[in-house]
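One structure is given below, encoded as structure tokens.
The values are calculated or read from the model by the stated rules, or taken from the named source; none is laboratory data. Because the structure is predicted, anything quoted here is derived from the model rather than measured. Every residue, glycine among them, receives a Cβ derived from its backbone with ideal geometry; neighbour counts consider all protein chains shown.
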Amino acid sequence: MTKLVKAIARLNAVQLVARSLFIEERLTDNPAFPTLSPTLAEIAAKREALQQAITDAADGGRTARVIREQCRRELKLTLDAVGDSVSSLAGGDPKLIRSAGFFERANSRSAEDLPAPLKLRARISEQVGEARLDWGTTRGAAIYVVEQNGASPDEESAWKQVAETTRIRHTVSGLTSAKEHWFRVRAIGTNGRSPWSDVARTLVR
């Protein structure tokens, strides 16, 4: 039996919006899931409310940040519910689960069965505040999670998620210029999630 993995528990507001957009894209016109509860319209409404709250909180005070957190919780609960709905309708079919923008883990296997991505490289970009990453394909991976650290690779609390991508290359933007940044990648797929890759670093213009 295959278990659906939602991969939303620890996402901040910005990351949750990106996750929601990914799920919404996969569910739009998906013939395997003609009826969902919550509906796609309800998911989009919660996501748009969070996007607006993120914008308001950027220049707002404590009240705006409280509203942003409330909207984040509401979107997370909505995505939790749609994950449960997808899990029920998919009946443990891993292909259907992936088609809906979620991941899966076979109960009989360990999450460590998925190997860490190899050959991660971080290179300086011609653009200010950007770094270019690429790595090797991980067998069984459905998506890759990218984290960045601008302090020290040994400082675990400084690692921050900056991307989820189905590709084996990514350009990270919005980085602090004229300093080194460290990066690591994790694969998520059929056997759960992999360990983190080796750390790569580069100077950012």
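What the table below lists for this structure:
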{"quantity": "Single unsatisfied condition, Val66 versus (1) more than 21 Å from the chain's Cα centre (by Cα); (2) closer than 28 Å to Ala142 by Cα", "calculated": "(2)"}
{"quantity": "Residue in segment 51-62 that is exposed (fewer than 15 other Cβ atoms within 10 Å of the Cβ), in contact (Cβ under 8 Å) with a residue 24 or more places away in the chain and under 23 Å from Ala100 (Cα atoms) present", "calculated": "no"}
{"quantity": "Residue within segment 10-25 that is more than 19 Å from Ala163 (Cβ to Cβ) and surrounded by 14 or more Cβ atoms within 10 Å (Cβ to Cβ) present", "calculated": "no"}
{"quantity": "Check on Ser152, surrounded by 15 or more Cβ atoms within 10 Å (Cβ to Cβ), farther than 30 Å from Pro31 by Cα, in contact with a strand residue (DSSP E or B) (Cβ under 8 Å, 6 or more places away or on another chain) and of a type in the set (S, T, N, Q)", "calculated": "no"}
{"quantity": "Only one of Glu112, Glu130 that is among the charged types (D, E, K, R) and either at pLDDT 95 or above or touching a Ser or Thr at 6+ places or on another chain (Cβ under 6 Å) (or both)", "calculated": "Glu130"}
{"quantity": "Hits in segment 155-188 (condition: closer than 22 Å to Arg19 by Cα, crowded, with 20+ Cβ neighbours inside 10 Å and aromatic (Phe, Trp, Tyr))", "calculated": "Phe183"}
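Here is a yes/no grid of residues against (1) more than 22 Å from the chain's Cα centre (by Cα); (2) without any contact (Cβ under 8 Å) to a residue 60 or more places away in the chain:
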position	(1), (2)
Gln70	no, yes
Leu75	no, yes
Gly91	yes, yes
Phe103	no, no
